[in-house]
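Enquirer: Take this structure first; my questions come after.
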Amino acid sequence: MKAILLAVIVGCLGITNAWAEHEVDHRYNIRGYVLDENQQGIGNLNVQVFYGNSLLANGKTDSGGYYSIHLHLHNSDNRRILRLRAGSYESELRVTLDPGDMSTLRVHDANFIDGEYIEGALERFRIPPWLYVVGGLLALGAIVVILETRRKKKIRQKMVVSREMRPPGKRKSKKRRGKKR
């Protein structure tokens with residue numbers, strides 16, 4: 001029984017090591033969007049990366065036109081020219097990485113909008129910075145309103161309790177003036 005358990009554990013360890021990702025300094029990610037003339041994503045489109053005539057990697061766009069391809073490149077591949085093909089669109093891209101930086105994820109943003117190749121992250125999918133300020137102020141205002149409402153409720157509850165705690169004979173009564181008996 002121990003031998004079988006040991007064999008299963010060793011087998012699992014062997015499988016996980018085979019599927020392990022590359023070190024950060026060997027990973028190079030190409031990602032981006034493939035959009036039509038209306039800047040709508042083109043889904044299920046085959047995206048390929050070539051070096052010369054050799055296919056390095058491929059992937060598909062999701063329903064929003066987004067793709068991400070992971071390559072195994074080394075520092076010696078810096079400045080290498082790769083060919084990116086997305087459906088009928090094609091362009092060259094130059095590998096840019098800092099050979100001295102062994103910890104930062106290496107990402108290359110490459111997009112096609114109506115067939116035109118555009119490098120860099122697209123800003124259209126980001127939340128505008130001013131929205132964070134407005135959202136923060138609204139949240140702060142909501143917190144103030146909630147706290148003030150709770151404070152007033154506690155004051156009202158204390159007043160009701162203090163009225164109920166008075167003995168019945170000690171209640172305030174109106175003094176009658178002018179009438180003597």
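Enquirer: When the Karplus curve 6.51 cos²θ - 1.76 cosθ + 1.60 is applied with θ = phi - 60°, which whole-Hz ³J(HN,Hα) does each residue of the stretch 32-40 get, with x for Gly and Pro?
Expert: Using θ = phi - 60°, the values come out as x, 10, 10, 10, 8, 5, 9, 6, 9 Hz.
Enquirer: Between LEU122 and residues 5 or more places away or on another chain, which pairs have amide H atoms under 5 Å apart, with H built 1.01 Å from N, and which residues are they?
Expert: Amide H to amide H, under 5 Å and 5 or more residues apart or across chains, LEU122 pairs with nothing.
No lab work stands behind these numbers, since they all come straight from the coordinates. These figures come from a predicted structure and were not determined experimentally.
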